[in-house]
Amino acid sequence: MRALKLDLSNLNEIFPDDFTQEQIARAKTLFLKRMAEKCHKFYGGKIQTIPKAGVFGFNWFNIWYTPGVSKISTTIRDNNDSSFELSNRGNLVAVVSDSTRVLGDGDCTPPGGLGVMEGKAFLMKYLGGVDAVALCIDSTNKKGEKDPDKIIEFVKMCQPSFGAVNLEDISQPNCYKVLDVLREECEIPVWHDDAQGTACVTLAGLINALKLADKKIGDVKIVMLGAGASNTTIARIIITAGADPAKIIMFDSKGALSKDRDDLKSDTRFYRKWEICENTNPKKVNDIATACKDADVLISLSRPGPDVVKQEWIKSMATKSIVFVCANPVPEIYPYAAKEAGAYIVATGRGDFPNQVNNSLGFPGILKGALMVRAKKVTDEMAIAAANSLANYAEKRGINPDNIVPTMDDATVFPEESADVAMQAIKDGVARVQLTREEAFEKARRDIEYSRNLTQSLINDGFIKHPPQEILTEAIKWAVDQVK
């Protein structure tokens, strides 16, 4: 067991030499959770607000505030679109959640989602050069029910302050109505990252995995475990991208989705799931072990593992099988176990395993692209353009079974993605601003470089302090003790 560096680069090597692969996997999860708890307390969260304009003398207060700022208010009054240029609105995203489905932890109460929503804001700024505000709201109505209409009303009320809205961690079926209504009725793009973002990055990973396996998306048999917002949207996106719906079988907690699911047909709140019932699984297979036999792809976004996906299912899959197990914080099966069962490519949602298929690769670039051209919405075609951008970028860099998508520490991928999304928005007719691809790429590149340099400067100048070594040491010891 080695000492852990502050950059956490040797995470796989910090645990006792006699630990099994399963013990190491469990210990890593516990270590990361402990570090998160200690470091969030040390920093008091991970987002702050700082000025982007300078104070060069006393009278500059009169420019940034009264009386000078009156001109800004009246100019925006007379032309609301000028708010995108005269305020931070053009580069500002609201991260909105009622915290009813936070990662794999379910309903965490409204403030319980702040850790994740601040995390989204952190990644948007660092990876995409986009400012964001975490807004966790209480969607409970007078009857004590979680009411999608309250979320819809809230977003509509606050949209004049933002350039885009990122919906997050809203439980089904409310998430379907919230997104579909707001996409059509808001004047700014409303994006559900759990759904569209996860679908985008999953498609990117699938594109390159199929290249390595020498299989065509229209030919492969796909099994999907979990039928929440993520997987139902993944199904829609991959079908749009060429997958054959007749070769897709999806499972929820009650069994397979098919036209026999009268419970979903009669409950109109689950209309997105019923669409899957109508278009997939024509043979009405209702057993997941049977469905996995000779399947080429398994995409699971269900509940945290590690024993949700069985090795026997993977053993029965086709040669060069592709397994995406993306539940957080623990995948449905550990990658080593999936590989032992014969999987050719395994992806998870975590960065401490190979092939992180995580929406963090998507939303910073996608939202940056949408904001740059002042898009009215994020279309499915824009999400697919982002997926192709990610896949192509990774392929040019070089792909292999343990490296199918870019990683978050690759700064160049995000301006490329942003530019491709911006071009697709223009092509789809939802952009208010026209840019060339070169202009879009350069703007995204400059903004992202600025954000990264700003963070590094704050570290270098001591405004962001290093966490004490004791935090790392204690977290390792605690995780090891829990697993032993």
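Details
- The 3J(HN,Hα) values that the Karplus relation (6.51, -1.76, 1.60; θ = phi - 60°) gives for region 131-140 are, in residue order, 7, 8, 10, 7, 10, 8, 10, 9, 9, 6 Hz. Gly and Pro appear as x.
- Projecting the Cα atoms of ALA479, GLY462, SER451 onto the charge dipole of region 445-484 (Cβ charges, centred on the Cα centre) puts SER451 farthest toward the positive pole.
- Computed on region 195-435, with alpha-carbon pairs under 8 angstrom and 6+ residues apart, the relative contact order is 20 percent.
- Per residue of the chain, the DSSP helices (runs of n ≥ 4 H) give a summed -39500 (n - 2.57) that works out to -14000 deg cm²/dmol at 222 nm.
- Considering only ALA391, PHE122, ALA164, and ranking their Cα positions along the charge dipole of the chain that arises from unit charges at the beta-carbon of Lys, Arg, Asp and Glu, the one farthest toward the positive end is ALA164.
- Here region 89-188 is treated with +1 on each Lys and Arg Cβ and -1 on each Asp and Glu Cβ, and its dipole about the Cα centre works out to around 100 debye.
- Compared with the alpha-carbon gap, the fully stretched path from LYS146 to TRP60 is longer by 26.3 nm at 0.36 nm per residue.
- Interchain or long-range residues, amide H under 5 Å from ILE299's placed H: VAL223, MET224, LEU225, PHE324
- Estimated from the Cβ-Cβ distance and a Förster radius of 30 angstrom, the FRET efficiency linking LEU454 and CYS158 is about 0.70.
- Taken about its Cα centre, region 195-435 carries a charge dipole of about 460 debye when Lys and Arg each add +1 at the Cβ and Asp and Glu each add -1 at the Cβ.
- Mean projection area, nm², convex hull over Cα of region 195-435: 12.4 nm²
- Projecting the Cα atoms of TYR271, TYR176, ASN281 onto the charge dipole of region 169-311 (Cβ charges, centred on the Cα centre) puts ASN281 farthest toward the positive pole.
- Multiplying each eigenvalue of the alpha-carbon gyration tensor of the chain by 5 and taking the square root yields semi-axes of 36, 29, 22 Å, largest first, rounded to whole angstroms.
- By other beta-carbon atoms within 10 Å, ranking CYS39, CYS277 with the fewest at the front produces CYS39, CYS277.
- Take every pair of alpha-carbon atoms less than 8 Å apart whose residues are at least six positions apart; their mean separation over the length of region 60-166 yields a relative contact order of 28 percent.
- To the nearest ten degrees, helix 148-158 and the longest principal axis of the Cα atoms of the chain are 30 degrees apart.
- ASN80-GLN434 FRET efficiency (beta carbon distance; Förster radius 25 Å; 0.05 resolution): 0.80
- With Cα atoms as the point set, the radius of gyration and Dmax of region 97-222 evaluate to 16.7, 55 Å.
- DSSP beta bridges confined to region 195-435 are antiparallel in about 15 percent of cases.
- Counting beta carbons within 10 Å around each of GLU438, GLU37 and listing the fewest first gives the order GLU438, GLU37.
- Percentage of interatomic Cα-Cα distances in region 359-432 larger than 15 Å: 47 percent
- Degrees separating the helix 114-128 axis from the principal Cα axis of the chain, which is the longest one: 80 degrees
- Each of TYR334, TYR126 was scored by other Cβ atoms within 10 Å of its Cβ. Listed from fewest to most, they are TYR126, TYR334.
- Amide H contacts for VAL102 (H built 1.01 Å from N in the peptide plane; partners 5 or more residues away or on another chain; cut-off under 5 Å): ASP107, CYS108.
- Reachable aspartates and glutamates, given that their alpha-carbon falls under 14 Å from the alpha-carbon of LYS211 and they are not under 8 places away in the same chain: ASP219, ASP296, GLU395, ASP402
- 32 Å Cα-Cα threshold exceeded, pairs from LYS33/LYS142; LYS339/LYS376; LYS120/LYS320; LYS46/LYS146: LYS33/LYS142; LYS339/LYS376; LYS120/LYS320
- For the pair ASP7 and THR290, a Förster radius of 41 Å applied to the C-beta separation gives a FRET efficiency near 0.35, rounded to the nearest 0.05.
- Sequence-ordered 3J(HN,Hα) estimates for region 415-424 from the Karplus curve with 6.51, -1.76 and 1.60 and θ = phi - 60° stand at x, 4, 4, 4, 5, 5, 5, 4, 5, 5 Hz, glycine and proline given as x.
- Phi angles of region 330-336 translate, via the Karplus equation with coefficients 6.51, -1.76, 1.60 and θ = phi - 60°, into HN-Hα couplings of 10, x, 5, 8, 5, x, 4 Hz per residue; Gly and Pro are given as x.
- Each Cα pair under 8 Å and six or more residues apart adds its sequence gap; the mean of these over the residue count of the chain is a relative contact order of 16 percent.
- Nearest-ten-degree value, helix 21-43 long axis tilted from longest Cα axis of the chain: 20 degrees
Each reported figure results from applying straightforward, stated rules to the coordinates on display, with no laboratory input. Just so it is clear, the model here is predicted, and its values are computed rather than measured. Cβ sites come from the backbone with ideal geometry, for glycine too, and all protein chains shown count toward neighbours.
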